[in-house]
Amino acid sequence: MVMSIVNVALPAIRTGLGFAPDQLSWVVNAYSLVFGGLLLLGGRAADVYGQRRLLVSGAVVFAVASLGGALAQSPVQMIVARVVQGLGAAALAPAALAILTTTQREGRERTRALGVYAAVSAVGGAAGVLFGGLLTEYGGWRWVMLVNVPMALAVVWLAMRHIPQGASGGGRRLDVLGGILGTGGVGLLVLGVVRTNEYAWTSGMTLGTLAGAVVLLVAFVMVETRPSATDPLVRFGLLARRSVGGANLFMLLVCAGQFAGFYFVSLYLQQVLEMKPVAAGTAFLPFCAGMIAGSAVSTRLLGTLGSKALLVPGGLLAAVGFGWFGLISASGSFVADILGPSLVAGFGIGVCFVPPTGAATSGLAPHEAGMASALLNSARQIGGAIGLAALVTVQVRHTEDGLAAGDAPKEAMTSGFGLGLGLAGAILAVAALTAAFVLPSRARETAAAPAAAPSDRAGAPATEARQ
């Protein structure tokens, strides 16, 4: 909901605070960068210090940051508020998913719970775009940030009342060095891609930033896999399992396409079709209805068909939907250009939500639930941030080229948005191929489940790494 409610308000935020066109995506990316960069640390902190404690702490930080965003008077202040929001979310999100996976038994009970989790996420997306439009048009864009405050405080109250304190990590320590290297590496990677709006891919600034990211990430892997690492931030034996590694890669690609798609469609509705915020928010409802329907179907069929049999057609449907979005025209309409692709893409994305969560968290010991949840959430946010940054760079330059060639502003913008949406569809097609060739079949997935429980030791058994 945090992402969708802000997307609808982007044009109003741009006008209210004076964002330049090529800087507006920072309202989204500042949040995604910090959220994605700190998720691994937040997930492991939930394992070490207790899941409820991290959930409550993250919600409090998120509430304070949201209030700061509502009071922002400049682009810098808004970006800082979004950075702190990302910090709070990095503690809150993996703790919430870890609580879900550790309190539900594996099998039908957990599948049903994960289905509800995915459906609620879809409902949150629907509520976000609708309420974002209502709040922006009738209350002003500041209410889009302010509304998060009571919701975050409600999370604190509910967690304190209904979630047991639970045990802490039982003597385990937080891997601070791994956290610094991992967070720094992921942060530099996302930053390097995000700033390609300002610096070319071949510029010294971009190449230097990406090189720094590679150095830090290589050092991170070396630190996490050293023999003396008793409590690593990430146990890479998890990713060596095809179900876990494939689920994370699939989710990274899906979110790379989806985040960018939401961004471009929101701007197309308001800047080309000239819809007001309420109408633009309402226009997203078919997409979110498709997500809810897809999540429900996926939940019902997952136990029978397995992850792979759902993710391949789900990814292909989403790819077709976003490719269809790429055919938008400057003289288009909601019925002709938005309704059909929204239903197709939304249903496909909805089908893709539940299976990766189950595959990435099944068969784990309770003390590693936060780690696995953080890995999956990191894949979502890092994929979303990198996909959005890369496709916005392509869209902005294509639009500028069109304007330089003499195209009318709406024609140039539509052409840029259409290109970005078409590329988002291509990324989703790659996600479907990833599911087809990386994820294990239903038979292998079932056979591997009993052996999925991880070792408490830093190094995974050799047999596990070959799964």
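When peptides 174-181, 70-77 are ranked by their average number of other Cβ atoms within 10 Å per residue, the highest-first order is 174-181, 70-77. Take every pair of alpha-carbon atoms less than 8 Å apart whose residues are at least six positions apart; their mean separation over the length of region 179-232 yields a relative contact order of 42 percent.
Given contacts defined as C-alpha pairs under 8 Å and at least six residues apart, what's the relative contact order of region 287-415, whole-number percent?
Details: 133 pairs, mean separation 40.1, N = 129.
Once normalised by length, the contact order is 31 percent.
Would region 163-286 count as rounded, prolate or oblate if I go by the C-alpha gyration tensor, calling it rounded below 1.5 in a/c and otherwise prolate when a/b exceeds b/c, oblate otherwise? Don't skip to the answer; put the middle values down first.
On the way: a/c = 2.61, a/b = 1.54, b/c = 1.69.
The shape class here is oblate.
Taking other residues whose beta carbon is less than 14 angstrom from the beta carbon of Phe35, and scoring Lys, Arg as +1 and Asp, Glu as -1, yields +2.
In terms of packing, defined here as the mean over residues of other Cβ atoms within 10 angstrom, the peptides 428-434, 88-94 line up highest first as 88-94, 428-434. Packing here is the average count of other Cβ atoms within 10 Å per residue, and on that basis the peptides 415-426, 146-157, highest first, run 415-426, 146-157.
Summing Lys, Arg as +1 and Asp, Glu as -1, what charge do residues with Cβ under 12 Å from the Cβ of Asp407 carry, Asp407 excluded? Each step should come with its number before you reach the end.
Details: positive: Lys410; negative: Glu400, Asp401, Glu411.
Spelling it out: positives minus negatives among the neighbours equals -2.
Magnitude of the Cβ-charge dipole of region 127-226, K/R +1 and D/E -1, about the Cα centre, nearest 20 debye? Mind dumping the intermediate values first?
Working: 6 positive and 4 negative charges, 62 e Å.
Rounded to the nearest 20 debye, it is 300 debye.
Read-outs throughout are calculated quantities, based only on the coordinates presented, and are distinct from any laboratory measurement. Computed from a predicted structure; not experimentally measured. Reconstructed Cβ throughout: ideal geometry from the backbone, glycine too, with neighbour counts over all protein chains shown.
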